[in-house]
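The values are calculated or read from the model by the stated rules, or taken from the named source; none is laboratory data. Just so it is clear, the structure is predicted and the values come from calculations on it, not from any experiment. We place every Cβ from the backbone using ideal geometry, glycine too, and count neighbours over all the protein chains shown. When the accessible area is computed, the model is the full protein with side chains, heavy atoms only, and any ligands, DNA or RNA have been set aside. Shrake-Rupley method; radii C 1.70, N 1.55, O 1.52, S 1.80 Å.
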Amino acid sequence: MTVSFRFYGYLNDFLPPFRRGFRFRQILGRHWSVRDALVTLGVPHSRVDVVVVNGTPVDFSYVLEGGDRVALYPPFRSIDLGDIVRAGRRAS
């Protein structure tokens with residue numbers, strides 16, 4: 001299956017230069033989670049704070065489907081994210 005990814009901020013530093021700064025497609029196995037995809041792409045999940053799939057915030061255990069559009073963000077330091085799901089943190 002093919003999934004598209006877009007990494008923001010310094011998360012691009014973990015990617016090869018030809019994948020930095022824009023959306024790209026990646027072929028993945030079936031039943032892969034966001035965490036599985038990050039391992040394959042070489043981006044440490046500990047550096048990702050917010051994962052958005054098809055416009056909806058999800059956590060690392062979300063199982064990807066073909067055609068998904070994934071956006072990954074590093075920790076935000078200067079904006080209030082309110083109640084948005086943070087990938088690396090569980091709700092209290």
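Numbers below:
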read-out	value
Output for region 7-21, where each listed residue is open to solvent by 50 Å² or more (accessible area, probe 1.4 Å) and outside any helix (DSSP H, G or I)	Tyr8, Arg20
Test result for Phe24, open to solvent by less than 20 Å² (accessible area, probe 1.4 Å) and over 10 Å from the mean Cα position of the chain (by Cα)	yes
Some residue of region 71-82 being at pLDDT 95 or above and either aromatic (Phe, Trp, Tyr) or loosely packed, with under 13 Cβ neighbours inside 10 Å (or both)	yes
Close pairs from region 31-52: first more than 16 Å from Arg19 (Cα to Cα), partner polar (S, T, N, Q) and open to solvent by 50 Å² or more (accessible area, probe 1.4 Å), Cβ under 6 Å, at least 6 apart	Ser33/Ser61
Qualifying residue in region 25-37 (condition: farther than 18 Å from Glu65 by Cα and at pLDDT 95 or above)	no
